[in-house]
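The values are calculated or read from the model by the stated rules, or taken from the named source; none is laboratory data. Please read all numbers here as calculations on a predicted model, not as lab measurements. A quick note on method: Cβ atoms are made from the backbone with ideal geometry, for glycine too, and the neighbour counts reach across all protein chains shown.
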């Protein structure tokens, strides 16, 4: 049960001052709270024996006021330190999770659902934070505070009555331990189900246009209802176990009271206890009610915190698929990009996705990559982005093998425009500045001009300050592509990768963008993957991929002379262009 505290010892070591102050003051405050019932008992006995004086009454009142004020101050300090430490732990773990999410490669996200990751970053972190704050408080209350009350009852009043009245406590502890294990198991299942619900909601929101286009709202609502009902039922199973903790402790406490009044009356009648002592004992018993309840709360919180911490730690312990070399080579320029008998396979794939790729691309050249859908074009360019472990064969970046360079070194030279254009829920300006935060106004509008987005910008309600909405929902497909292109161009990278990034624009716009890139990027390397061959006719070298293999390569003219797939595709697109005119 207390494994979670052992797992968090690294944090307690860094915050030892905070937790030491909190625990020490909590213990002192707990001890001070034991004194008032004892003083009350003495006062009652003095009143009963008519020995109470104004001086002793004033002394007792002064002592009680001093205890109340001092415990109030100490309670404020220890709560601030303890619960402040819990919030700081949650903040630290959330930052670590975010850092982990940002450095993870696609393989990680293929294995983990987004909704489940969100659940770990919210519900699970809250449970861990609760353990580091409320859990430690209940641990102290259910052990030291409870122990102090027992000692006070035994030393100040009667060991006989104390031992007999505590008979139900071991039975309560055994039941709590049993139900605590059930809570752990059911809570883990409920949290996994909650992650699935999150994932389902994300899919529905992201695909709301498709859902509405196919009039599937009712079915989607029904699916959500079924899933939420499933989550509800699993949390109800957790709640049913949690609900047993209260009645068990209350029944146990009730039995304790019955024993106390029954046996206490006998001791009073026998002259072994005074009326004041039995009153003090009853007050102590009332004070012991919370520590007994705290035992159940402690087990509940610790089990849920342990389960949640395991889920969070599982994510944090995930080892990146791509690790930087301990001593990366220096990289001053990228004179060439080379593949020699290079073969690559995705981690979760059962086939070779690229096979025996060999080519040399010199600085300043343009490479065109074409092929049918699923031929491996995106897989090819992703090798430069270091999203997956390096495959077999040789892959050089400049004069270095790419495995001897850090991921950051490689990406510093690359501007990438993906197939799926990701825009953030900010203004067009902020989306473009994502490529270069310190860019000037001239650089921003130059990137817009190169992406041939000037006319569209004038038609938008707020121009460059227009909010694009979530994932660029307020822009058309072609507009999103050109904002993405502007974002890459503003970086003025040594290597520009356009991964089928002109598919949503018309032929005229495509021609303008290609001409701008040709003119402004002289001396810099460009890699373009496309289905539209007009986008790469100017390329210095073109490769045709089919099932991850280069089946044709050469310049535009040479490929036409060969009369293969490239020539066939080019003729078809020329005919389509003529017919559309």
Name the residue, out of 475, 498, 457, that is part of a loop (DSSP other than H, G, I, E, B) and on the phi < 0 side of the Ramachandran plot. 475
Kindly indicate which of 192, 185, 203, 196 is free of Cβ contacts under 8 Å to residues at least 24 places away in the same chain and either within 22 Å of residue 314 (Cβ to Cβ) or not assigned by TED's automatic domain parsing to the domain that holds residue 255 (or both). 185
Can you list the helices (runs of 4 or more DSSP H) found entirely within region 1-99 that contain at least 3 residues being surrounded by 16 or more Cβ atoms within 10 Å (Cβ to Cβ) and at pLDDT below 85? 16-48
Consider residue 275 against the criteria (1) over 17 Å from residue 148 (Cα atoms); (2) at pLDDT below 80; (3) crowded, with 16+ Cβ neighbours inside 10 Å: it satisfies all of them except one. Which criterion is unmet? (3)
When the residues of region 407-431 are filtered to those that are outside any helix (DSSP H, G or I) and crowded, with 17+ Cβ neighbours inside 10 Å, which remaining residue is farthest from the chain's Cα centre (by Cα)? 413
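Within region 81-103, can one find any residue that is in contact (Cβ under 8 Å) with a residue 12 or more places away in the chain and more than 30 Å from residue 118 (Cβ to Cβ)?
yes
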Could you say whether any residue in region 170-178 is in contact with a helix residue (DSSP H, G or I) (Cβ under 8 Å, 6 or more places away or on another chain), surrounded by fewer than 18 Cβ atoms within 10 Å (Cβ to Cβ), over 17 Å from residue 303 (Cα atoms) and modelled with pLDDT of 80 or more? yes
Looking at the structure I just gave you, is residue 437 touching a strand residue (DSSP E or B) at 6+ places or on another chain (Cβ under 8 Å) and surrounded by fewer than 17 Cβ atoms within 10 Å (Cβ to Cβ)? no
Being in a helix (DSSP H, G or I) and farther than 16 Å from residue 166 by Cβ narrows it down to one residue among 266, 248; which is it? 266
Exactly one of 358, 406 is under 25 Å from residue 535 (Cα atoms) and assigned by TED's automatic domain parsing to the domain that holds residue 440, and that one is 358
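Might you check whether a residue that is modelled with pLDDT under 85 and surrounded by 20 or more Cβ atoms within 10 Å (Cβ to Cβ) occurs anywhere in region 376-383?
Our first condition is that a residue be modelled with pLDDT under 85; within region 376-383, this holds for none.
No, every residue in region 376-383 fails to be modelled with pLDDT under 85 and surrounded by 20 or more Cβ atoms within 10 Å (Cβ to Cβ).
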Picked from region 332-352 (must be in contact with a strand residue (DSSP E or B) (Cβ under 7 Å, 6 or more places away or on another chain) and buried (at least 18 other Cβ atoms within 10 Å of the Cβ)), the residue nearest to residue 411 (Cα to Cα) is 334
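So for region 226-244 (the condition being more than 25 Å from residue 120 (Cα to Cα) and part of a helix (DSSP H, G or I)), does at least one residue qualify? Full working, then the answer.
Of the residues in region 226-244, the ones more than 25 Å from residue 120 (Cα to Cα) are 244.
Those still in the list that are part of a helix (DSSP H, G or I) too: 244.
Taking every residue of region 226-244 in turn, at least one turns out to be more than 25 Å from residue 120 (Cα to Cα) and part of a helix (DSSP H, G or I).
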